[in-house]
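Chemist: Encoded as structure tokens, here's the structure I'll be asking about.
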Amino acid sequence: PVIDGSLDDPAWQNAEILEDIFLTHYPAYGSLFTPKTKIMMSYDADNLYFAFYCYDDQPERIKTSITKHDGIGGDDWVGFFLYMNGTKQSMYQFIVNPSGIQADMIYTATGGENMSPDWVWYSSGKIVKDGYIVEVQLPLKNFRFKDGKDVAMHILFRRTSNRLGNIGTW
């Protein structure tokens, strides 16, 4: 897909889709997270692709900014955290605000979050009439992961609405 914040690209027509799956992580654990979030996933030999449709009945109130890389902590955002090496002891974290601004970090069980990595990946975002859309292209050549015929990666999706004060995960 072309990473432009629009979901009309033919590549999304056959993508895997997750809908209505987020549960609250904060402030109360385990409730249905609202508003609705739709995730599309695809891949090719070189990249993973993600698209997020984050519904919001007050899109004019979505918190977003144009800021430096890793400076989006106060914004609304979506992201995905990848366990790529099979040990579940470290994960790569990628988050994007509604303007397409990125933050990335690595988390290890022994060192916690480290925001110093700045990987090369691509994102775009835009506010639409009923929420916002984020698209991501993640080149696999930048990351270490087990190779071979059957490669398993684990993923956590997260949506944060700073405006509403809630966090949802899948």
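Chemist: Give me the accessible area per residue for region 104-143, probe 1.4 Å, as a whole number in Å².
Modeler: Accessible area per residue: 51 Å².
Chemist: Whenever you get a sec, compute what percent of the accessible area on region 1-84 sits on carbon and sulfur atoms (1.4 Å probe).
Modeler: Carbon and sulfur: 50 percent of the exposed surface of region 1-84.
Chemist: Check each of the trypsin sites (Lys or Arg not before Pro) in region 102-170 and keep only those in coil by DSSP with at most 16 other C-beta atoms within 10 angstrom; list them in order.
Modeler: LYS129, ARG144, LYS146, LYS149, ARG163
Chemist: Using the Cα centre as the reference, give the magnitude of the dipole from point charges on the C-beta atoms of the chain (Lys, Arg: +1; Asp, Glu: -1; all else neutral), rounded to the nearest 20 debye.
Modeler: Charge dipole, the chain, about its Cα centre: 420 debye, nearest 20.
Chemist: How many percent of the accessible area of region 116-170 is carbon or sulfur, using a 1.4 Å probe?
Modeler: 50 percent
Chemist: Further, regarding this structure: Describe numerically, in nm with one decimal, the distance between label points set 7 Å from Cα along Cα→Cβ at ASP44 and at ASP150.
Modeler: 2.8 nm
Chemist: Rank THR110, ILE155, GLY168 by how far each Cα sits towards the positive end of the charge dipole of region 74-170 (+1 on Lys, Arg Cβ; -1 on Asp, Glu Cβ) and give me just the farthest.
Modeler: Looking along the dipole axis, the top candidate is ILE155.
Chemist: For region 1-99, which chymotrypsin sites (Phe, Trp or Tyr not before Pro) are both in a DSSP coil and crowded by at most 11 other Cβ atoms within 10 Å?
Modeler: Here the sparse-neighbourhood loop sites are TYR29.
Chemist: Take every Cα-Cα pair in the chain and report what % of them are more than 24 Å apart.
Modeler: 33 percent
Chemist: Please compute the length gained on full extension between ALA28 and LYS68, using 0.36 nm multiplied by the number of residues separating them and subtracting their Cα-Cα distance.
Modeler: Length gained between ALA28 and LYS68: 11.3 nm.
Chemist: Taking 1 over the mean of 1/r across every pair of different Cα atoms in region 115-170, what Kirkwood radius in Å do you get?
Modeler: 14.6 Å
Chemist: Cut-off 16 Å, label point 7 angstrom out along Cα-to-Cβ of ALA109: give me the residues of region 69-91 whose amide nitrogen falls inside.
Modeler: Residues 83-91 qualify, since their backbone N sits under 16 Å from the label point.
Chemist: State in Å² the accessible area per residue of region 30-83; use a 1.4 Å probe, count heavy atoms of protein chains only, and round to the nearest integer.
Modeler: On a per-residue basis, region 30-83 sits at 48 Å².
Chemist: Same structure again: May I ask which of LYS68/LYS129; LYS68/LYS149; LYS129/LYS149 have a Cα-Cα span longer than 31 Å here?
Modeler: LYS68/LYS149; LYS129/LYS149
Chemist: Using the alpha-carbon centroid of each, what span in Å lies between region 1-20 and region 114-152?
Modeler: The two parts, judged by their Cα centres, are 14 Å apart.
The values are calculated or read from the model by the stated rules, or taken from the named source; none is laboratory data. The model shown is predicted, which means the values in this text are computed figures rather than measured ones. Neighbour counts run over all protein chains shown; Cβ positions are idealised from the backbone, glycine included. For the accessible areas, the whole protein counts, side chains as well, though only heavy atoms, and no ligand, DNA or RNA atoms are used. Shrake-Rupley method; radii C 1.70, N 1.55, O 1.52, S 1.80 Å.
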